[in-house]
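Report on the following structure.
Nothing in this text is a laboratory measurement; each read-out follows from the coordinates by a stated rule. As the structure is a prediction and not an experimental result, all values here were calculated from the model. No Cβ is skipped: glycine too gets one built from the backbone with ideal geometry, and neighbour counts run over all protein chains shown.
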Amino acid sequence: MMLAGLILIPLAGGFATWQFGRRSPGAGRGIALAAMLADVALVAAIALSRGGETGPWWLTLRAPWIPQLGVQIHLAVDGLSWLLLVLTAGIGVIAVLVSWREIEDRAGLFYACLLWILGGINGVFISLDLFLFYFCWEVMLVPMYFLIAIWGHERRAYAAIKFFLFTIASGLAMLAAIIGLYVLHGQATGSYTFDYLQLLETPLSAAAGLWLMVGFLIAFAVKLPVVPLHCWLPDAHSQAPTAGSLILAALLLKTGAYGLIRFVLPLFPEAAEAFAPWGMLLGAAGIIYGASLAFSQTDLKRLVAYTSVSHMGFVFLGVFAGNELALQGTVMQMICHGISTGALFIVAGMLYERLHTRDLSEMGGLWHGMPRLGAAGLLFALASLGLPGMGNFVSEILILFGAFRASPALTAVAAGGVVLATIYSLRIVQRVFFGPRSDRARQTDLSLREAAILAVLAAAILWLGLFPQPVLRISQPPVRQTIEVVR
Amino acid sequence: MKSLAELLPLLPVVVLGLTAVALMISTAIRRSRGGAFALTLLGLAGAFASLVAIRSYVPASVSTLFRVDGYALFYVGLLLVTAAFVTLLSKRFLEDLGRASGPPLPAEEFYMLLVLATLGTAVLVTSGHFASLFLGLELLSISLYGMIAYNRRGPRAIEAGIKYLILAAVSSAFLLFGIALLYAEGGALALPIDARGTISTGQPLLLAGLALLLVGFGFKLAVVPFHLWTPDVYQGAPSPVAAFIATASKGAAMAVLFRFAPLFDEGALRTFLAVIAGASILGGNVLALRQRNLKRLLAYSSIAHLGYLLVAFLASGDAAARAVTFYLAAYTITTLGAFGVIGQAAGLRGWASTEGAAEEIEGYRGFGRRHPWLAGTLALMMLSLAGIPLTAGFVGKYLVLLAGIGSELWGLVALLALGSVVGVAYYLRVLATMYLRDAPMQGPARPQDLSGTIALAILALLLIGLGAFPEPLTRLVEWSCTGVF
């Protein structure tokens with residue numbers, strides 16, 4: 001029941017904010033915050049009630065849905081899912097809080113979209129029925145489209161439709177692959193089902209496995225994104241409102257990474273192994289490409305968006321390195337990137353609220369007016385470049401160690417990305433907070449609400465950097481299981 | 001002598017015929033717009049009730065002309081429901097017609113034509129013989145001429161009516177020629193429903209006959225290259241009538257065509273159908289991209305959707321039957337809803353004079369703010385046409401994909417996916433216009449009318465309900481398709 005709540009609470013909360021938010025924006029905000037806090041409580045409760053089950057799954061929920069088609073509601077949580085649920089719940093609360101003052105127009109609908117997206121993301125992380133997974137995967141597109149298209153910046157309509165088309169096209173490739181897997185499984189075993197645990201046993205020929213994997217891979221590679229399928233990302237990230245960018249960077253990209261670990265590797269181990277060298281190559285290319293483009297951006301949000309491309313290159317590299325160390329690093333990277341890049345988008349959003357620009361050339365010397373925001377910006381920029389003591393350092397070093405075993409040459413290239421990250425991260429700090437004072441330098445510093453948001457994120461990223469062990473321990477069983485299947 | 005009991009399975013058709021007669025008599029005695037409206041709904045409801053009552057008597061043949069089985073019953077039910085929605089949605093239109101400048105146009109005959117057209121579609125899907133098939137088709141077409149041109153003071157009504165008249169006549173000629181060839185070869189006019197497989201398709205006359213039959217049906221279904229009439233007729237016809245053409249007329253034609261799908265299981269004909277399907281998907285979607293008129297956009301989108309349906313048609317087995325039937329049901333709900341909203345939007349500002357404004361996509365700027373419920377309904381319909389989850393359209397598209405992949409029609413499946421992506425682009429354009437752009441100032445709108453609002457609310461609920469829990473409908477579809485194929 002708790003698992004169903006993860007999807008239903010945001011869904012119902014969304015309807016409530018929509019209806020009540022029409023009359024007063026305050027009610028919309030309040031309900032949205034309450035729904036997300038309930039989500040946090042649920043995630044905590046799931047961890048506490050974990051004791052009973054001995055297998056990899058902490059909690060399972062099965063219910064019939066469309067039995068004639070072999071579709072059921074099958075939700076389950078393991079360590080990997082749970083970590084991402086924590087991230088979703090935490091980022092969800094923060095997404096509501098950062099929009100507190102930013103969104104005035106049609107606020108009820110805004111929070112409704114936000115909650116529906118979060119419900120869909122929760123669904124993606126806990127669905128073990130492939131039909132249901134696809135359902136959740138696509139159903140969050142529509143509210144995301146509206147989030148970008150209604151409350152975004154100047155070129156919002158263009159960015160929103162680009163995002164939608166890329167995702168839906170790649171999603172159709174995945175749907176075709178899901179149906180193909182369903183049909184092949186049915187033909188081989190006689191039972192037509194979308195159940196993940198049963199589909200794991202599907203006997204596949206090499207060619208069929210490869211084609212089906214490509215279908216899944218396209219969808220996840222677009223979401224992640226992997227160069228050259230990343231074109232939608234800079235537009236969507238830079239045009240979305242702060243909460244939208246935050247959710248895109250911190251959560252939506254993670255659904256792609258999650259899909260790779262949960263579905264691509266275990267369902268198609270042979271095909272994934274065959275693809276691994278190319279996957280690592282694409283990952284390393286993404287790291288360098290994203291970092292170089294980040295360096296040449298003048299739009300702050302676009303810059304941060306390209307750093308995402310670079311950081312997600314590490315994820316792709318780690319997934320296809322094919323060993324436990326790299327995969328552990330990948331899980332860690334998903335969480336740390338969610339926090340650090342999310343925080344950078346929040347900083348960019350706070351700057352935009354004050355300066356009404358995202359153009360780096362119009363900023364400069366802002367530290368004097370806003371030392372606290374400056375300090376936060378510096379901290380997250382350092383996290384993004386992988387400074388030891390921050391979570392990103394742990395994850396990137398794990399990925400590089402793991403990848404080195406698989407391919408020393410590509411790892412060397414990827415490590416170059418860390419140097420580039422230093423350049424672009426410090427460039428952000430220098431151009432925004434130091435340097436000659438722009439005429440807009442006199443601004444109010446962080447309010448209590450804003451300071452609290454950034455403080456929580458800073459504490460999280462520091463904690464992940466200094467004590468990564470609890471997270472690694474939770475992610476280890478599922479990661480180890482995945483690696484054993486691949487071998 | 002046949003006993004009356006043998007006619008029992010035909011009861012829904014009989015009730016429809018009686019309704020038409022009753023409408024005529026009552027109108028002859030005393031004209032009453034409200035009375036005709038109520039009588040029509042009553043007749044449709046009666047026919048539906050009789051449908052439920054006779055469900056245990058099927059399958060049965062009534063003479064050689066009619067074949068009533070679960071499949072036919074399902075479609076008659078769908079068509080009756082469609083007709084009922086069209087009745088509800090056209091009430092405001094007919095009221096405005098009576099109020100327009102000049103002497104008022106009568107409304108009662110519209111209901112009569114609607115019931116007759118519905119009767120035609122019902123005959124079509126229950127037909128077991130080429131004679132009854134042709135009879136049903138003509139009854140449908142002739143009623144539609146009148147309905148399309150009903151608002152005869154409208155700028156495009158007569159043009160649309162004439163266009164439909166000519167093209168329907170041409171398609172009938174093709175159909176008749178095809179039937180004649182089949183008769184010359186086979187020596188029988190009974191539809192080979194039970195005798196499937198007894199006709200070998202190696203004979204050239206038979207092949208030619210079937211091809212001509214396909215051309216005739218191609219016009220009715222408006223698939224590329226027989227689609228040219230669609231946008232003009234949709235644009236010129238009142239929106240409830242356009243809804244009827246898009247759903248009932250096409251649905252009935254598809255249903256009867258699918259009944260003898262096994263006949264077309266032959267190399268050349270399959271290629272022919274596959275080319276038509278591919279061309280419809282590509283042509284419909286690409287042409288829809290450039291439309292600025294919502295009705296024309298829906299016309300091209302319906303061409304594409306019929307192409308998707310043909311993909312399922314070409315697949316084989318139970319999956320195909322399930323896909324075609326479910327898809328048609330979902331498509332019917334969606335299209336009725338979309339045209340219904342256009343009609344409501346037109347009605348908000350006085351129908352007869354301003355339907356033009358309610359057709360232009362530009363006219364929907366700021367619609368989301370001014371009429372949140374209507375805009376929400378139209379948005380839902382667009383998302384369903386685009387096949388986004390949580391709508392009935394998604395389940396339909398999924399079933400079609402399943403059928404296509406199960407039968408390994410890779411080329412068509414790829415086209416279907418490509419077409420869906422292109423489709424998303426223009427459906428989203430409608431959404432973007434409604435929600436992202438603000439409207440120029442407008443005068444106060446009239447209140448919505450009750451019957452149309454009720455119809456739209458039911459359609460929207462059905463759409464979401466079937467999208468989240470398709471099970472009841474899939475069960476019904478399963479029941480109707482067992483034993484037929």
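Quick notes
- Separation in nanometres of the label points that stand 7 Å from Cα toward Cβ, at A:V456 and B:A173: 7.5
- Length released on extending from B:Y57 to B:S32, taking residue separation times 0.36 nm less the Cα-Cα span: 5.3 nm
- Calculated FRET value between B:A208 and B:A49, using beta carbons and R₀ = 41 Å, to 0.05: 0.40
- Most positive-pole-ward Cα, B:S480, B:V123, B:A84, against dipole of chain B from beta carbon charges: B:A84
- Spatial separation of Cα centroids for the range A:1-74 and the range A:306-324, in angstrom: 30
- Computed [θ] at 222 nm, deg cm²/dmol, the protein assembly as shown (DSSP H ≥ 4; -39,500 (n - 2.57); rounded to nearest 500): -25000 deg cm²/dmol
- Here the protein assembly as shown is treated with +1 on each Lys and Arg Cβ and -1 on each Asp and Glu Cβ, and its dipole about the Cα centre works out to around 1980 debye.
- Rounded to whole numbers, the Karplus 3J(HN,Hα) couplings from phi for the range A:287-295 are 4, 5, 4, x, 5, 5, 5, 4, 4 Hz, using 6.51 cos²θ - 1.76 cosθ + 1.60 with θ = phi - 60°, and x at Gly and Pro.
- Prolate/oblate/rounded label for the range A:380-487 (Cα gyration tensor, a/c 1.5): oblate
- Look at the dipole of chain B built from charges on Cβ: of B:A253, B:Y234, B:F93, the Cα furthest out on the positive end belongs to B:F93.
- Between the residues B:N285, B:V224, A:L373, the greatest Cα displacement towards the positive end of the dipole of the protein assembly as shown, with unit charges on the Cβ of Lys, Arg, Asp and Glu, is found for A:L373.
- With bins 10 Å wide beginning at 0, the percent of Cα pairs of the protein assembly as shown falling in each bin runs 2, 11, 20, 22, 18, 13, 8, 4, 1, 0, 0.
- Computed lengthening from A:W463 to A:H368, 0.36 nm per intervening residue step minus Cα-Cα distance: 31.3 nm
- The range A:253-371: relative contact order as a whole-number percent, Cα under 8 Å and 6+ apart: 26
- Alpha-carbon centroids, the range A:174-250 and the range A:102-132: separation in whole Å: 19
- Candidate lysines - alpha carbon under 26 Å from B:K295, same-chain residues fewer than 8 apart omitted: A:K162, B:K91, B:K163, B:K220, B:K250, B:K397
- Set of lysines near A:K254 by C-alpha distance (under 16 Å), chain-local residues within fewer than 8 positions excluded: A:K223
- Computed from the Cβ-Cβ distance with R0 of 22 Å, the FRET efficiency linking A:T189 to A:W57 stands at 0.50.
- Estimated from the Cβ-Cβ distance and a Förster radius of 41 angstrom, the FRET efficiency linking B:L18 and B:W373 is about 0.65.
- Assigned charges on the beta-carbon of Lys, Arg, Asp, Glu; the range B:9-481 dipole about Cα centre (debye): 1120
- About its Cα centre, chain A has a charge dipole of approximately 920 debye under the convention of +1 per Lys or Arg Cβ and -1 per Asp or Glu Cβ, with nothing else charged.
- Between B:H129 and B:L191, the built amide H atoms are under 5 Å apart, and every one of these is 5 or more places off in sequence or on another chain.
- Distance between the C-alpha centres of the range B:369-431 and the range B:233-252: 20 Å, rounded to the whole angstrom.
- Length added when fully stretched, A:Q19-A:R155, from 0.36 nm per residue minus Cα-Cα: 46.1 nm
- Using the Karplus relation 6.51 cos²θ - 1.76 cosθ + 1.60 with θ = phi - 60°, the per-residue 3J(HN,Hα) values for the range A:446-463 come to 4, 7, 4, 4, 5, 4, 5, 4, 5, 5, 4, 5, 5, 4, 4, 5, 5, 4 Hz, with x marking Gly and Pro.
- Integer Hz, Karplus 6.51/-1.76/1.60 couplings in order for the range B:296-305, x for Gly and Pro: 5, 4, 5, 4, 5, 5, 5, 4, 5, 5
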